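Everything below concerns the one structure shown next.
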Amino acid sequence: MSKFVIEGGHALKGSVRVSGMKNAATPILAATLLTDEPCIVENVPRIRDVERMIEILQSLGATVAWTGDHTLTVHAGSLNLKTLNTKAVGAMRSSILLLGPLVARCQEVTIPEPGGCIIGNRPIDAHILALEQLGATVKRTNGSYHVTARALRGSTVILPEFSVTATENLLMAAVLAEGTTVVHIAAAEPHVQDLVRFLNTMGADIDGAGTHTLTIRGVKKLHGAEHTIIPDQIEAGTFAVAAALTRGKVTIEDVVPEDMELVLLKLQQIGVKLTIEPHGDRAHIHIAATFPLHAFRLQAFPYPGFPTDLQAPFGVLATQCTGTSLIHDPMYESRLGYVSELVKMGANAVICDPHRVLVTGPTPLYGQEMRSLDLRAGATLVIAGLIAKGETIIHDAEILDRGYEKLAERLAALGAVIKRVE
């Protein structure tokens with residue numbers, strides 16, 4: 001077990017490069033199972049969820065090696081489902097992404113109920129519906145899912161919700177199915193688009209990325225490919241909030257502004273001064289906070305709406321805004337747990353129901369001893385610690401390793417007084 005110890009009150013200054021996106025890395029690594037040829041994936045974040053996915057791929061018989069600081073080479077020449085590391089699967093929510101590629105390549109797979117952060121009920125009904133529409137049979141026994149399909153066939157699939165991982169599983173299953181699959185109510189998030197780019201580079205035939213209708217024309221075989229993972233817009237947004245609240249001056253490098261248009265617009269409406277500087281096919285975002293900050297209304301919504309993964313960091317931002325802010329997250333009923341921790345630190349916030357919170361500010365925050373509740377809540381409490389008076393201790397720091405690479409070291413390089421104690 002480990003903890004962060006933070007001394008608040010220090011402005012962040014300098015430059016930080018955004019890592020590759022966690023939510024793009026895991027499905028793309030799962031997609032390497034669709035071919036028996038080597039794949040090279042660059043800009044891979046060195047985080048725990050990636051390490052777990054590597055463990056899972058290796059347990060299936062794939063050869064996985066770091067061939068650069070952030071480059072992985074994966075060769076799934078032959079697979080053995082009997083040696084699947086079920087413990088690693090059960091510990092990570094995104095392991096559900098194994099269903100699509102393994103049923104497509106091996107015609108069957110059995111995996112336990114996936115784990116992950118406790119942020120609310122996240123059933124996999126949409127995944128089951130999608131695979132069944134392609135001809136798969138799904139049975140659930142003793143907490144595990146057994147999926148079989150002698151032959152997957154293209155179909156018209158209407159997803160019951162904008163499920164990112166169900167869309168990704170469906171994409172990976174349909175690329176090797178016979179015929180054409182048309183997906184309605186598909187997720188359009190940047191990491192879904194990135195998966196489509198990778199699959200098409202492997203030889204898939206997919207149209208409609210970035211829209212809510214996807215057309216997948218099945219092919220008989222995919223080949224190896226090289227791909228660079230997109231920057232993590234959630235990490236970029238997290239650093240932007242931290243820079244603004246500490247009244248710092250930070251340049252966030254290697255960002256795709258088009259992937260976070262609503263986030264940047266909301267920051268500007270709140271009063272955060274930011275400029276976007278084109279830099280090759282990416283951009284640098286310069287953050288310079290201006291006070292007072294203004295209260296706001298925010299609703300998390302599927303892309304291109306405001307991302308649910310940034311709802312919590314904007315919750316701590318609301319504590320320093322003048323007036324009352326309303327934050328509504330209809331997607332998960334247990335994602336407001338961080339609010340009670342902010343109240344302990346001095347925030348004036350009222351949880352109206354499992355999906356809505358009212359935050360009135362500005363209020364000073366004071367250091368407390370707390371626990372990381374989940375990945376995004378943990379990052380939020382770190383931000384709160386950066387602006388709190390006195391010392392803040394956040395236990396279960398390893399939870400943040402799931403999605404943030406060397407967070408304490410990168411914040412310290414910007415001037416934060418933060419250390420990690422094992």
Seminar exercise, completed: Going through segment 50-73 in order, the residues found to be touching a His at 6+ places or on another chain (Cβ under 7 Å) and among the β-branched types (Val, Ile, Thr) are Thr63
For this session: Scan segment 145-173 for residues that are of a type in the set (S, T, N, Q) and under 24 Å from Tyr332 (Cβ atoms) and report the count.
Result: 4
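Can you find, within segment 185-223, the residue that is surrounded by the most Cβ atoms within 10 Å (Cβ to Cβ) among those that are of a type in the set (Lys, Arg) and outside any loop (DSSP other than H, G, I, E, B)?
Result: Arg197.
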Exercise. Restricting attention to segment 74-87, does a residue exist that is over 25 Å from Glu398 (Cβ atoms), free of Cβ contacts under 8 Å to residues at least 24 places away in the same chain and in contact with a His (Cβ under 6 Å, 6 or more places away or on another chain)?
Worked result: no
For this session: Tell me which residues, restricted to segment 119-143, are modelled with pLDDT under 85 and surrounded by 13 or more Cβ atoms within 10 Å (Cβ to Cβ).
Result: Ile119, Gly120, Arg122, Ile124
Seminar exercise, completed: Residues in segment 224-240 that are surrounded by fewer than 19 Cβ atoms within 10 Å (Cβ to Cβ) and part of a loop (DSSP other than H, G, I, E, B) total 1
Exercise. Quick one: which strands (runs of 3 or more DSSP E) sit completely within segment 20-89 and have at least 3 residues that are surrounded by fewer than 22 Cβ atoms within 10 Å (Cβ to Cβ) and over 22 Å from the mean Cα position of the chain (by Cα)?
Worked result: 63-68
For this session: Kindly indicate whether Phe301 is of a type in the set (Phe, Trp, Tyr) and more than 27 Å from Thr363 (Cβ to Cβ).
Result: yes
Exercise. Just wondering, is there one or more residues in segment 9-17 that are assigned by TED's automatic domain parsing to the domain that holds Arg376, within 30 Å of Met345 (Cβ to Cβ), crowded, with 22+ Cβ neighbours inside 10 Å and not hydroxyl-bearing (Ser, Thr, Tyr)?
Worked result: yes
Exercise. Looking at segment 349-372, which of its residues are in contact (Cβ under 8 Å) with a residue 12 or more places away in the chain and of a type in the set (A, V, I, L, M)?
Worked result: Ala349, Ile351, Val357, Leu358, Val359, Leu365, Met370
Exercise. List, please: which pairs have Cβ atoms under 6 Å, are six or more places apart or on different chains, and start with a residue in segment 402-416 that is not assigned by TED's automatic domain parsing to the domain that holds Arg93 and end with one that is small (Gly, Ala, Ser) and modelled with pLDDT of 95 or more?
Worked result: Glu405/Ser19; Leu414/Gly14
Exercise. Looking at this structure, is Gly218 of a type outside the set (Asp, Glu) and either over 19 Å from the mean Cα position of the chain (by Cα) or within 16 Å of Ala412 (Cα to Cα) (or both)?
Worked result: yes
Seminar exercise, completed: Checked Glu405, Glu409, Glu341 against criteria (at pLDDT 95 or above and touching a strand residue (DSSP E or B) at 6+ places or on another chain (Cβ under 7 Å)); the one match is Glu341
For this session: Consider only pairs whose beta carbons are under 6 Å apart and that are at least six residues apart or on different chains; among these, list those whose first residue lies in segment 286-310 and is surrounded by 15 or more Cβ atoms within 10 Å (Cβ to Cβ) and whose second residue is of a type in the set (Phe, Trp, Tyr) and in a loop (DSSP other than H, G, I, E, B).
Result: Pro302/Phe162
Exercise. Among Gly100, Gly90, which is of a type in the set (Gly, Ala, Ser) and touching a strand residue (DSSP E or B) at 6+ places or on another chain (Cβ under 8 Å)?
Worked result: Gly90
Problem set entry | Subset of segment 358-374 that is within 28 Å of the chain's Cα centre (by Cα) and in a strand (DSSP E or B) - its residue that is nearest to Val316 (Cα to Cα) | Val359
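The values are calculated or read from the model by the stated rules, or taken from the named source; none is laboratory data. Not measured: the values here are computed from a predicted model. Positions of Cβ are generated from backbone atoms using ideal geometry, with glycine treated the same way; all protein chains shown enter the neighbour counts.
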